[in-house]
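Everything below concerns the one structure shown next.
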Amino acid sequence: MVINEYLTLSEASELIGKSKETLRRWDREGKLTAVREPMSNYRVYRREQVETLFADFINYNEVDNVTNYVESHNEYSVLELFAGAGGLAVGMEKAGLKCVALNEIDKWACQTLRKNRPHWKVYEGDIKSFDFSQYHNKVDVVTGGFPCQAFSYAGKKLGLSDARGTLFYEFARVVNEVNPPICIGENVRGLLSHDNGKTLQGMISILDEIGYNVVPVQVLKAINYRVPQKRERLILVGIRKDIEVKYEYPKPHKKIYNLKDALKKGELFDTNVPVSNGAKYPMSKKIVLDLVPQKGYWRDLPIEIQKEFMGGSFHLGGGKTGIARRIGWDEPCLTLTCSPAQKQTERCHPEETRPFTVREYARIQTFPDDWMFEGSLAQQYKQIGNAVPVNLGTEVGYSIIKFLNQYYNLSKPR
């Protein structure tokens, strides 16, 4: 089969990890030339030209001399909110932080946490039901992946009371109760633009009100932190106002890991991925996906099958690059979702026509092989798909330890 020789703006942007605006600028500067696709008349890029650029930007064989590792000078403790199945908590643990308590509402995720770490204190249930004042001045960092919810604005400067009813309010309430030197919130990249940026500004305003300065917000790309997956997380860091130590985000690594690194024995894991259960495609979808090559997607199907498979969306604009997508061994996986076989977000195995198994999903999120997930198959996929990649959590953990080392070193009586 001939792979489609053209890429839309969205597809080219995703392939080489550069923004659409960067591609448009290169187009204006003559570095990357768009052409008119013969059938649709859309402005598109020649795949061969883009893949040449892709090779320039991502060198999988690059030697990585970046390290964020730092040793703890003390035993530092973490209180984690919205803990899920423990991706961030395990990452922090690997970095050297001690998890003293976690809160999570999902009962299956709580069972997962207890099964793997019986000594962890798990507060199961709605965060609104718990008071964490017992940890006042006893915890070094509060972390939490609070869901993104809009606020109702009572005035120009949003205060804690204006955010009542949102989960960020609960995050800020607990930070206020615990009074840690540093707090870390994590969220999707979309928080940057949510409600035209007002939601994020509201969060910053609330942290300011309870005594925390927010470090300039960054979106960390997981592929730059030893994760074989194109996932992005927005990190919101608050530093207590009495502290003058500067927080620094973890440095991005040079080496990019791919799907082979995730599923085969190598630098990331010392064995091949364990065999496990997994979802299956219905026969009608399998017949179609059998025709898709590695790194291909719906546009690589014969035109008549494209039209039948895509239905009305065939004639709509946009790349829709997640549909009928088969991942290649030599590329990072696309962002995993809570369900491995939805039409908009297929993540098909490179060689076998099936979704990734539970353990393959876990590997792509860099969970250790001995981290077990409780609940039905669907519940396990959901827990893994919602998690912060463990290795990203570890790298952020190192940055926290570096900050705390400096803070407590300066705080010591002379």
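Among residues other than Phe146 with Cβ under 10 Å from its Cβ, the summed charge is -2 (Lys and Arg +1, Asp and Glu -1).
Our helix-only sum for the chain, with -39,500 (n - 2.57) per DSSP H run of n ≥ 4 divided by its residues, gives a mean residue ellipticity at 222 nm of -9500 deg cm²/dmol. Computed over neighbours whose Cβ is under 10 Å from that of Ser77, the net charge equals 0, Lys and Arg +1, Asp and Glu -1. If a/c stays under 1.5 just call it rounded; otherwise compare a/b with b/c (prolate if a/b is bigger, oblate if not). Do that for the chain, with a ≥ b ≥ c from the square roots of the Cα gyration tensor eigenvalues. Because a/c hits 1.5 or more and a/b exceeds b/c, the chain counts as prolate. Can you classify segment 177-282 as rounded, prolate or oblate using the Cα gyration tensor, where a ≥ b ≥ c are the square roots of its eigenvalues, rounded means a/c under 1.5, and otherwise it's prolate if a/b beats b/c and oblate if not? It comes out prolate by the Cα gyration axes. Among the listed pairs Lys230/Lys320; Lys107/Lys402; Lys98/Lys382; Lys18/Lys255; Lys285/Lys307, those with a Cα-Cα distance over 24 Å are Lys107/Lys402; Lys98/Lys382.
With all protein chains kept in place, the per residue accessible area of the chain amounts to 46 square angstrom at a probe of 1.4 angstrom. Across segment 137-281, the relative contact order, built from alpha-carbon pairs under 8 Å that are at least six residues apart, equals 21 percent. Taking Lys and Arg as +1 and Asp and Glu as -1, the other residues whose beta-carbon sits under 14 Å from that of Val237 total 0. Within the assembled protein chains, the solvent-accessible surface assigned to Met310 is about 10 Å², based on a 1.4 Å probe. Across the chain, Cα pairs under 8 Å and at least six residues apart give a relative contact order of 19 percent. Axis angle, to the nearest 10 degrees, between helix 198-209 and the longest C-alpha principal axis of the chain: 20 degrees. For Glu71 and Lys265, the FRET efficiency from 1/(1 + (r/R0)^6), where r spans their Cβ atoms and R0 equals 22 Å, is about 0.20. Rolling a 1.4 Å probe over the protein heavy atoms of the chain, with every protein chain left in place, gives an accessible area that is 50 percent carbon and sulfur.
The values are calculated or read from the model by the stated rules, or taken from the named source; none is laboratory data. What you see is a predicted model; the values in this text were computed from it and never measured. As a convention, Cβ positions derive from the backbone with ideal geometry for all residues, glycine included, and neighbour counts pool all protein chains shown. When the accessible area is computed, the model is the full protein with side chains, heavy atoms only, and any ligands, DNA or RNA have been set aside. Shrake-Rupley method; radii C 1.70, N 1.55, O 1.52, S 1.80 Å.
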